[in-house]
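Visitor: Just dropping this structure here.
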Amino acid sequence: MAGITVSQKQIERIVTEKICEHVGSIINYNSVLRSMVDDAIESQRGSITNTLNDTLASVVDDKEFSKVIKDEFRRKVAKNLVASLEGAVEKAANVYRQDPTLKSRMILAIENMIKEGEQ
């Protein structure tokens, strides 16, 4: 039976992976460390809140920000209106396509445009 060979690189990779897993599991489940971070954030809650409020106020008061919001809102409303009209436009187009008189007028109009373009 042939022996199993494992390279030095494979051993180093496996050992490194296992060490990372072990350290990660200690950090993830270390409630003392998590509790300390939570306490530190809580002790700075007022300062963090003030900074966030100041930053948000400066953004909202910015005229360029207001313009961008209005432009994006206009686009969104226009897009929704157009999307809701697609069915109505398609119905109207189908009615016009079925009218033989209108079809012949459209063909004549196209032919006239072609003739005018040739001149």
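The values are calculated or read from the model by the stated rules, or taken from the named source; none is laboratory data. Bear in mind the structure is a predicted one, so any value in this text is a computation, not a measurement. A quick note on method: Cβ atoms are made from the backbone with ideal geometry, for glycine too, and the neighbour counts reach across all protein chains shown.
Visitor: State all residues of segment 29-59 that are surrounded by 10 or more Cβ atoms within 10 Å (Cβ to Cβ) and modelled with pLDDT under 75; if no residue qualifies, say none.
Guide: Those that are surrounded by 10 or more Cβ atoms within 10 Å (Cβ to Cβ) and modelled with pLDDT under 75: Asn30, Leu33, Arg34.
Visitor: For a quick check of your reading of the model, give me the residue pairs whose first member lies in segment 82-105 and is at pLDDT below 80, whose second is not charged (D, E, K, R), with beta-carbon atoms closer than 6 Å and at least 6 apart or on different chains.
Guide: Partner pairs satisfying both residue conditions: Tyr96/Leu102.
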